[in-house]
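Chemist: Questions regarding the structure given below will be posed in turn.
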Amino acid sequence: MKRDSIIDYWGCILLKLIGALLRHLPLCVSFFLGARLGELFYYLDAKHRKTAYANIKTAFGAKLSPAELHKLAKDSYRSFGQNLIEILLIPLIDKAYIDKYITFEGRQNITAGFHKGKGVILVAVHEGSWELSSALCAYLGFPFNLFIRQQNYPRLNNLLNSYRSQKGCRLIQKGNEIRELIRLLKNNEAVGMTVDQGGKTGTPVEFFGKSASMSTGALKLALRYNASIITAFYTRVKGPYVKVFLDGPVEIEKTRDSEKDIRDNLQRVINIFERYILEHPKEYLWFYKVWKYSRERDILILSDGKAGHLRQSQAIAGMLMGHLKNKAISANIITLEPEFKNKFSRYALTICASMTGKYCYQGNLFLRVFLKGANYKSLIGIKPDIVISCGSSVAPVNYLLAKENLARSVAIMRPSILSTRKFDLVVMSQHDRPAKRKNIAAVRGALNSINADFLREQGINLSEQVKTDKELVLGLLIGGDNKSFRLSRDLIKKIATQLKAILEKLDAQILITTSRRTPQEIEQLLKDEFGAYPRCKLLIIANEKNIPHAVAGILALSKIVITSPESISMISEAASGQKYVLVFQAPGLGRRHKRFLKHLAQDKYLYLTGTGALSKKVEEVWMSKPRINTLEDNLLINEALKKIA
């Protein structure tokens with residue numbers, strides 16, 4: 001016998017026995033046991049507990065602290081456990097039971113709904129004591145028909161339906177239900193339907209500030225057949241005591257735009273339920289994926305303060321936005337920089353994150369301990385759907401926030417000592433020798449936003465400021481110092497001499513930009529050498545007056561690009577621009593960096609040259625015009641990101 005069949009068979013027998021036992025116990029004991037059952041589910045059901053926490057966070061955001069989010073999630077499980085017990089007690093529910101334990105607010109609205117003579121659609125969301133509807137409607141004195149869907153377990157499904165139909169409720173199962181629903185409404189009967197959990201075919205409306213897919217069946221019937229819509233919300237006061245709120249008939253507005261009518265009226269109904277859920281949040285069934293089919297995504301970029309790393313993260317975010325746009329999903333990008341309390345905290349967080357399991361603690365005790373207070377509150381107060389980071393220092397924050405929010409995670413570069421299995425996608429350079437795994441994309445260079453369309457656009461923008469009139473235009477990209485590398489004045493002096501010589505010989509022009517890291521003495525040298533030089537048509541000193549996307553503009557207008565050797569990001573951008581790329585050599589580069597340059601040079605994505613041979617190499621490339629090899633890492637990553645979007 002299959003596993004599902006065993007669960008179905010023995011589960012049905014067990015529930016029948018438990019139901020018979022509960023109906024002989026005092027009600028207060030039964031509901032006490034229901035609350036304990038819910039708590040047991042809370043502790044054992046780690047997967048759905050995390051979903052409940054994340055959903056409640058989406059709904060309430062920074063209004064609730066992590067501790068309050070946990071408490072509300074636990075309360076919702078208690079309520080769910082009591083609702084399950086209540087279903088088994090349905091055989092006990094009669095007029096005396098309802099008179100004693102059930103109170104109604106808005107009972108007169110039911111009468112008003114039937115007064116139209118077009119039938120009543122009693123709508124609800126998945127919350128509270130909805131399964132009492134059949135007994136309550138019989139008590140209120142009108143025929144009730146419940147629209148249901150088959151559950152995955154046939155025996156358990158039949159047992160549930162037997163409880164539903166005990167008090168005279170008629171069940172309408174999904175299939176050829178439309179004709180029957182129409183007949184019932186024309187007979188001025190009541191039909192019970194839910195309006196949440198719309199799935200793939202639902203209509204997106206705003207629910208707690210974010211679009212969620214909601215079911216449209218009830219609204220379509222109401223719009224077409226003028227049926228009355230009554231909303232029903234159930235909240236447990238204490239133990240068996242339940243209060244039912246009946247609102248309506250909801251005013252249904254019609255125009256000539258049927259899709260707009262469905263969406264607007266559905267939104268009006270959802271707003272009513274949202275108000276009740278805000279007042280009684282523990283009643284809602286939070287542990288299904290409420291926003292799974294949302295038409296909105298929040299993308300969080302975690303910056304480590306390095307401009308090159310941020311550009312790579314932004315490149316990933318841009319690709320994701322393209323995929324989401326193709327699915328008619330809008331995206332919002334948030335950029336935050338984690339602030340560690342001290343250097344020890346950074347390493348300690350990495351160690352702690354590496355030891356967490358699949359269902360690590362939501363509320364992120366580790367982040368609270370190792371990040372600065374205000375920064376922790378900023379990070380924990382948002383609810384991203386996708387988290388992107390570049391650099392080992394922010395990788396553990398990425399991992400923990402993704403687990404906190406059930407978000408997808410993208411880490412660029414090796415995530416320190418953290419296992420790459422902890423992320424949905426890890427983008428690593430081939431020179432880092434990554435393992436071959438489905439969630440690892442090995443790239444040759446650093447990710448960037450360079451593509452043909454972007455270059456064309458930025459080339460047009462820069463050409464409005466810069467006029468070049470020679471066939472050959474050189475681009476010079478000068479980076480700057482880092483921990484192990486220093487740009488020397490003598491080195492750049494030699495480069496300037498070499499470039500001037502070849503510019504004169506080939507009758508060429510040059511465009512130059514520095515970076516934020518360029519030392520001041522190098523900036524001054526470049527101004528002295530090229531500031532008044534007639535063949536220099538552009539000299540950007542980034543620390544004085546930068547131009548947005550200067551690198552992209554220079555790549556677009558140049559035929560040959562020369563770069564300093566220390567920046568993987570800058571070299572990768574140049575090698576993605578469909579130009580000849582020359583990188584001049586310099587001392588002070590690390591082993592990993594040298595391996596990166598060697599790999600790209602071997603495959604002719606760039607040409608390595610000594611400072612003394614730079615002019616000769618420019619002439620050689622320009623005269624022979626070899627085939628240009630262009631990095632296509634973005635295409636590889638775009639394919640990998642389809643699974644994330």
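Chemist: Over the chain, what is the relative contact order in percent, taking alpha-carbon pairs closer than 8 angstrom and at least six residues apart? It would help to have the intermediate numbers written out before the result.
Modeler: Working: 1162 pairs, mean separation 70.4, N = 645.
Once normalised by length, the contact order is 11 percent.
Chemist: Let me ask something else. Can you give the helix-only mean residue ellipticity at 222 nm for the chain, where every DSSP H stretch with n ≥ 4 adds -39500 (n - 2.57) and the sum goes over all residues, rounded to the nearest 500 deg cm²/dmol? All intermediate terms of the calculation are to be shown ahead of the outcome.
Modeler: Details: 24 runs with 297 residues, N = 645.
It lands at -14500 deg cm²/dmol.
Chemist: Taking a cut-off of 16 Å between Cα atoms, list the lysines near K306, but don't count ones fewer than 8 places away on the same chain.
Modeler: K483
Chemist: Determine which aspartates and glutamates satisfy two conditions relative to K625: a Cα distance under 14 Å, and not lying fewer than 8 residues away in the same chain.
Modeler: Output for K625: E471.
Chemist: Just one of (i) 73, 45, 24; (ii) 65, 27, 20; (iii) 83, 28, 18 is semi-axes √(5λ) of the Cα gyration tensor in Å as worked out from the coordinates here. Which one is it?
Modeler: (ii)
Chemist: Estimate the FRET efficiency between A374 and K643 by the formula 1/(1 + (r/R0)^6), using the beta-carbon distance for r and 41 Å for R0, to the nearest 0.05.
Modeler: Details: r = 35 Å, r/R0 = 0.85.
That pair, A374 with K643, gives E of 0.70.
Chemist: Turning to a different aspect of this structure: Helix 3-22 versus the longest principal axis of the chain: what angle, 0 to 90°, nearest 10, using Cα atoms?
Modeler: 40 degrees
Chemist: Which semi-axes, in whole Å and largest first, does the equivalent ellipsoid of region 1-104 have when worked out from the alpha carbon gyration tensor as the square roots of 5 times its eigenvalues? Numbers along the way, then the final one.
Modeler: Numbers: eigenvalues 163, 96, 23 Å².
With the √(5λ) rule applied to region 1-104, the semi-axes are 29, 22, 11 Å.
Chemist: At 1.4 Å probe radius, can you tell me the per residue accessible area of region 268-377 in Å²? Show your work: numbers first, answer last.
Modeler: Values: 5490 Å² over 110 residues.
Accessible area per residue: 50 Å².
Chemist: First select every other residue whose beta carbon is under 14 angstrom from the beta carbon of C390; then total the charges, Lys and Arg +1, Asp and Glu -1. Working shown, then result.
Modeler: Details: positive: K306, R311, R414; negative: D304, E337, D432, D633.
Within the 14 Å Cβ shell, the charges total -1.
Chemist: Suppose each label sits 7 Å from its Cα in the direction of the beta carbon; what would the A67-E39 distance come out to in nanometres?
Modeler: If labels sit at A67 and E39, their model points lie 1.9 nm apart.
Chemist: Note down the nm distance, to one decimal, between modelled labels 7 Å out along Cα→Cβ at E521 and at R256.
Modeler: Each label point lies 7 Å from its Cα, and together they span 7.7 nm.
Chemist: Assuming 1.567 mPa s and 4 °C, estimate D for region 516-645 with Stokes-Einstein, Rh taken as the Kirkwood radius over Cα pairs, in µm²/s. Write down the numbers at each step before the final one.
Modeler: Working: Rh = 16.5 Å.
Value of D from the Cα-based Kirkwood radius: 79 µm²/s.
Chemist: Could you name the aspartates and glutamates whose alpha carbon sits less than 20 Å from that of K604, not counting residues in the same chain fewer than 8 places away?
Modeler: D432, E566, E573, E619, E620, E632, D633
Chemist: Over the chain, with every protein chain in place, what whole percent of the accessible area is carbon and sulfur at 1.4 Å, could you tell me? Each step should come with its number before you reach the end.
Modeler: On the way: 15620 of 30010 Å².
Ligands and nucleic acids excluded, carbon and sulfur give 52 percent.
Chemist: With everything on Cα atoms, drop me the angle between helix 520-530 and the longest principal axis of the chain, reported from 0 to 90° to the nearest 10.
Modeler: 60 degrees
Chemist: OK, next. What net charge do the residues around L555 carry, taking every other residue with its C-beta under 10 Å from that of L555, with Lys and Arg at +1 and Asp and Glu at -1? Provide the component values of the computation, followed by the final result.
Modeler: On the way: positive: K579; negative: E573.
Neighbourhood net charge equals 0.
Chemist: Tell me, how many Å apart are the Cα centres for region 196-225 and for region 520-567?
Modeler: If we compute the Cα centre of each part, the gap is 55 Å.
Chemist: Hey, another quick one. Can you give me the pair-distance distribution of region 567-625, C-alpha pairs, 5 Å bins, whole percents?
Modeler: It works out to 4, 18, 29, 27, 17, 5, 1, in whole percents.
Chemist: Which value in nm describes the separation of the simple spin-label points at K358 and L636, placed 7 Å from the Cα toward the beta carbon?
Modeler: In this crude spin-label approximation the distance works out to 3.0 nm.
Chemist: Considering only lysines 8 or more places apart in sequence, or on different chains, count the pairs in region 354-471 whose C-alpha atoms sit under 13 Å apart. Walk me through the intermediate numbers first.
Modeler: Working: K358/K403; K358/K422; K383/K403; K403/K422; K422/K438.
Close lysine pairs found across region 354-471: 5.
The values are calculated or read from the model by the stated rules, or taken from the named source; none is laboratory data. The model shown is predicted, which means the values in this text are computed figures rather than measured ones. Positions of Cβ are backbone-derived with ideal geometry, glycine not excepted, and every protein chain shown enters the neighbour counts. These accessible areas exclude ligands, DNA and RNA; they are computed on the full protein's heavy atoms, side chains included. Shrake-Rupley method; radii C 1.70, N 1.55, O 1.52, S 1.80 Å.
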